[in-house]
1. How many Å² of accessible area per residue for segment 466-520, probe 1.4 Å?
2. Where does each of 140-147, 511-518 land if you order them by average Cβ count within 10 Å, highest first?
3. Just to verify a number: FRET efficiency for Thr189 and Leu566, C-beta to C-beta distance, R0 = 30 Å, to 0.05?
4. At Ser356 and Ser483, where each label point lies 7 Å from the Cα along Cα→Cβ, what is the point-to-point distance in nanometres?
5. What's the ranking of 84-91, 218-225 by average number of surrounding C-beta atoms within 10 Å, highest first?
6. Collect residues whose amide H, placed 1.01 Å from N in the peptide plane, falls under 5 Å from the amide H of Trp577; neighbours closer than 5 in sequence don't count.
7. Can you check what the Kirkwood hydrodynamic radius comes to for segment 410-512, Cα pairs only, in Å to one decimal?
8. Could you order Phe439, Phe93 so the one with the most accessible surface comes first? Probe is 1.4 Å.
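The values are calculated or read from the model by the stated rules, or taken from the named source; none is laboratory data. Because the structure is predicted, anything quoted here is derived from the model rather than measured. Backbone-built Cβ (ideal geometry, glycine too); neighbour counts: all protein chains shown. Side chains included, ligands, DNA and RNA excluded: accessible areas come from the protein's heavy atoms. Shrake-Rupley method; radii C 1.70, N 1.55, O 1.52, S 1.80 Å.
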Amino acid sequence: MAFKPYPHLIFFFIVLTLSPLTQSRFISRTSLSSSSSLVSDGINDTQHSKSYPFLSFKLSTEETCEQSYGFLPCTSTVLGNLFLIIVYGFLMFTAARYLSNGSELLLEILGPGLIGGLFLPVLGALPDAMLILVSGLSGSAEVAQSQVLVGMGLLAGSTVMLLTVLWGSCVVVGKCDLEDSSAVDKKDTKGFSLTGSGVSTDVWTSYSAMFLVVSVVPFIIVQLPQIFHTSSGKRIAILIALIVSVVFLVSYCMYQVFQPWIQERKLAFAKHKHVMSGILKHLKKQNKGRLFTEDGEPNEDVIRKLFKSIDVDSDGYLSLAELTALIIGIRFEEIDLNNDDAVRKLMYDFDTSGDSHLDETEFINGISKWLKEAKRLEKGESDAHTMKCVDDFHQQTKKEHDSLGNQNDEDAEGVQNVRRTSIKATLMLLLGTAIAAAFADPLVDAVDNFSSATSIPSFFISFIALPLATNSSEAVSALIFASRKKKRTASLTFSEIYGGATMNNILCLAVFLALVYVRHLTWDFSAEVLVILIVCVVMGIVASIRTTFPLWTAIIAFALYPLSLLLVYILDYKFGWS
């Protein structure tokens, strides 16, 4: 994506041009010392109500707004604050997009590992963390206590939106036909069949969902005093939850650092097992006799016949060329394993002498070991069972490989100009960070003022509106990726969703808890925490125990979003939890 900030500068110029509609004011010391009637915002109220009646819904005359940084516009009207929320929200969206695009460019250059595991997850959660931070830093403790509800609304709304609206949308956009309980890449012929279409992910996505479930532990810890109805130990609970959040954050980032290495090792092992199953299946197809004797041991005579059929020059040894010919005949293209890799894996298991040749004894011992491993899948000594166990072993290893995901099915394009791309990525990250830092506080103030003007709790405003600003860029990217309708891209999409929610639960919560603890604020968010727990646990457990999601699961995800809002409203305003 090209780096073009100019449209946003034009937009900001338009905003400054239209800012008089928000009735910005500058309150001097002289006007404050005189009677309240002398305090003016520069617009005659009577004339204003005649000219702009739709902007006449204001705060009480005793209340005034305070300009951010002394020059940004502020307002005391409903529509004026709504306008500011849209403007500042768009700027936060711009910051999130620059951070996202810069992160992707940096990842192309440096790859996964330290950058992908530590740096980029923090950058992805930076806009949310900035808004949460400024919501508790403003003014006195009383002001911070009222504004911190904006931060909690963002924290809950961002997590819930990712796991419900975005999750369900990705299932709908990325759906493929389900065959044998798995989605078929790029095949979408069943329309909107609730059970016949859906998406499939790899096992690593399930691991990400498990981390999501574990990440709610700090929420439970901080709620313990409320659970046991005790006022003592609240600050201790907040401190412990903060420490646990930081520990989880470090652990999660370290897992992301080492995940590529772990993933490659497991994938290599799965391919090794697939070589085993392929050769055993080839041995079965040769039909040179029973694979097992009457007592259930590998039939060495049959294995010897296979050895002689492979040993073309009859020198008593299998060379690399002869093994390559065997592998070519078996064909391993279905798991993206080239012939040289397959030969190396076979030689590694069989060549006990280390001379790069297999004699008859080494070959018989190696095949016998593989047959015994395959036979563990089936109990029984009959020929039917022993023949079937080879097929079962082949099917199981193929499914195991598929569940790990094929890391080579996406064409990797090298970065053409590393230096230029590095500079471009750095500028995007710096600009995104600067915009997020500059406009987080004005956005929180606008939400708080809009809440005061409309009597709508700031939690619900921030729950609905702010996640649209801070997560829209990631949401669009996720939907585009899901639309490719491949298991690989679906796995990446849902892993990003679970990862984003996890970072909210540990990084953003850590920032929130630090504010509450340092500023001696009151923790009174039982309903909000319960909503986060329900959505994270439900979606996390479902995603950690299965890798295929039919279309009907999207309906459940969509339903959780309005139910979350309704639950907070009932618990807070009907049962008085907060």
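1. Per-residue value: 32 Å².
2. Working: 140-147: 15.0, 511-518: 21.0.
Answer by packing, highest mean first, reads 511-518, 140-147.
3. Details: r = 37 Å, r/R0 = 1.25.
Calculated transfer efficiency: 0.20.
4. In this crude spin-label approximation the distance works out to 5.2 nm.
5. Highest-to-lowest ranking by the protection proxy: 84-91, 218-225.
6. Those lying under 5 Å, H to H, from Trp577 are Asp572.
7. 16.9 Å
8. Correct descending sequence by accessible area is Phe93, Phe439.
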